[in-house]
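Undergrad: The structure under discussion is supplied below as C-alpha coordinates; questions concerning it will follow.
The values are calculated or read from the model by the stated rules, or taken from the named source; none is laboratory data. Every value quoted in this text rests on a predicted model; they were computed, and no experiment measured them. Please note: Cβ atoms are built from the backbone with ideal geometry, for glycine as well, and neighbour counts cover all protein chains shown.
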Amino acid sequence: MTSDIKKITEELLKTRYSVSIGGEGGTEWEDARDILEHGPITRIELRHGSEIDSIQVYYGGLPGQKHGGNGGGEGVFELKAGYVIDRLRDRPAADTRR
(Lines give C-alpha, C1' and ligand atoms only; values in the text may rest on other atoms or scores of the structure.)
Protein backbone atom coordinates (compact mmCIF):
# COMPACT_ATOMS: atom_id res chain seq x y z
CA MET A 1 0.00 0.00 0.00
CA THR A 2 2.80 2.43 0.87
CA SER A 3 4.43 1.92 -2.54
CA ASP A 4 1.06 2.67 -4.22
CA ILE A 5 0.74 5.94 -2.29
CA LYS A 6 4.32 6.86 -3.15
CA LYS A 7 3.71 6.14 -6.85
CA ILE A 8 0.46 8.18 -6.90
CA THR A 9 2.17 11.05 -5.04
CA GLU A 10 5.04 11.07 -7.54
CA GLU A 11 2.57 11.17 -10.45
CA LEU A 12 0.56 13.91 -8.78
CA LEU A 13 3.71 16.01 -8.39
CA LYS A 14 4.26 15.74 -12.17
CA THR A 15 0.70 16.95 -12.88
CA ARG A 16 0.45 20.30 -14.60
CA TYR A 17 -2.54 22.45 -13.75
CA SER A 18 -4.12 24.95 -16.12
CA VAL A 19 -5.85 28.22 -15.50
CA SER A 20 -9.50 27.98 -14.57
CA ILE A 21 -11.94 28.39 -17.42
CA GLY A 22 -15.67 28.02 -17.80
CA GLY A 23 -19.01 29.70 -17.92
CA GLU A 24 -20.38 32.54 -15.88
CA GLY A 25 -20.98 31.89 -12.20
CA GLY A 26 -18.61 28.94 -11.90
CA THR A 27 -15.97 28.53 -9.23
CA GLU A 28 -12.49 27.05 -9.29
CA TRP A 29 -12.01 23.49 -8.03
CA GLU A 30 -9.46 20.72 -7.88
CA ASP A 31 -9.77 17.10 -6.82
CA ALA A 32 -6.10 16.32 -6.10
CA ARG A 33 -6.92 14.98 -2.64
CA ASP A 34 -9.30 12.38 -4.16
CA ILE A 35 -6.42 10.89 -6.17
CA LEU A 36 -4.35 10.48 -3.02
CA GLU A 37 -7.24 9.01 -1.01
CA HIS A 38 -8.94 6.78 -3.61
CA GLY A 39 -6.53 6.19 -6.49
CA PRO A 40 -6.20 7.16 -10.14
CA ILE A 41 -8.95 8.43 -12.43
CA THR A 42 -11.08 5.53 -13.66
CA ARG A 43 -14.09 7.30 -15.21
CA ILE A 44 -15.23 10.76 -16.27
CA GLU A 45 -18.87 11.73 -16.66
CA LEU A 46 -19.78 14.92 -18.53
CA ARG A 47 -23.11 16.65 -19.04
CA HIS A 48 -23.09 18.78 -22.14
CA GLY A 49 -24.99 20.43 -24.94
CA SER A 50 -23.19 23.09 -26.93
CA GLU A 51 -20.93 23.58 -23.89
CA ILE A 52 -19.82 21.41 -21.00
CA ASP A 53 -22.36 21.82 -18.20
CA SER A 54 -20.79 19.56 -15.58
CA ILE A 55 -18.02 17.09 -14.91
CA GLN A 56 -17.72 14.31 -12.36
CA VAL A 57 -14.52 12.32 -12.07
CA TYR A 58 -14.28 8.85 -10.50
CA TYR A 59 -11.11 7.99 -8.56
CA GLY A 60 -10.34 4.33 -7.97
CA GLY A 61 -13.94 3.59 -8.98
CA LEU A 62 -15.42 6.03 -6.45
CA PRO A 63 -17.23 9.21 -7.58
CA GLY A 64 -15.68 12.55 -6.75
CA GLN A 65 -17.74 15.69 -6.29
CA LYS A 66 -19.86 16.69 -9.28
CA HIS A 67 -18.92 20.15 -10.58
CA GLY A 68 -21.63 22.00 -12.51
CA GLY A 69 -25.29 21.58 -13.37
CA ASN A 70 -27.67 18.98 -14.76
CA GLY A 71 -28.29 20.31 -18.27
CA GLY A 72 -27.55 18.61 -21.57
CA GLY A 73 -26.93 14.97 -22.39
CA GLU A 74 -24.55 12.63 -20.65
CA GLY A 75 -21.20 11.45 -21.95
CA VAL A 76 -19.06 8.85 -20.20
CA PHE A 77 -15.39 8.06 -20.63
CA GLU A 78 -13.95 4.96 -18.92
CA LEU A 79 -10.22 4.40 -18.42
CA LYS A 80 -8.91 0.86 -18.57
CA ALA A 81 -6.60 -0.30 -15.78
CA GLY A 82 -3.11 1.08 -16.27
CA TYR A 83 -4.20 3.84 -18.67
CA VAL A 84 -3.70 7.51 -17.80
CA ILE A 85 -4.89 10.81 -19.20
CA ASP A 86 -2.01 12.49 -21.00
CA ARG A 87 -3.81 15.76 -21.74
CA LEU A 88 -7.22 17.30 -22.23
CA ARG A 89 -8.20 19.78 -24.90
CA ASP A 90 -11.50 21.47 -25.47
CA ARG A 91 -12.72 23.29 -28.54
CA PRO A 92 -15.92 24.90 -29.78
CA ALA A 93 -18.42 22.45 -31.29
CA ALA A 94 -18.18 24.26 -34.64
CA ASP A 95 -14.40 23.77 -34.73
CA THR A 96 -13.83 20.70 -36.90
CA ARG A 97 -10.03 20.63 -36.51
CA ARG A 98 -8.71 17.47 -34.87
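Residues are listed down the side, and each one gets a yes or a no for (1) modelled with pLDDT of 70 or more; (2) in contact with a Cys (Cβ under 9 Å, 6 or more places away or on another chain); (3) of a type in the set (D, E):
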{"site": "G22", "(1), (2), (3)": "no, no, no"}
{"site": "E28", "(1), (2), (3)": "yes, no, yes"}
{"site": "A32", "(1), (2), (3)": "yes, no, no"}
{"site": "T42", "(1), (2), (3)": "yes, no, no"}
{"site": "G71", "(1), (2), (3)": "yes, no, no"}
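Undergrad: Right, here's the next one. Applying the selection to region 42-82, what residues are part of a loop (DSSP other than H, G, I, E, B) and under 30 Å from K6 (Cβ atoms)?
TA: Passing the criteria: G60, G61, G64, Q65, K66, L79, K80, A81, G82.
Undergrad: To continue, here is another question. As an exercise: evaluate D90 against (1) modelled with pLDDT under 80; (2) part of a strand (DSSP E or B); (3) among the acidic types (D, E) and give the number of the one condition it does not meet.
TA: Unmet condition: (2).
Undergrad: Let me ask something else about it. Would you call G39 exposed (fewer than 12 other Cβ atoms within 10 Å of the Cβ) and closer than 25 Å to K6 by Cβ?
TA: Considered against the rule, which asks whether it is exposed (fewer than 12 other Cβ atoms within 10 Å of the Cβ) and closer than 25 Å to K6 by Cβ, G39 comes out as no.
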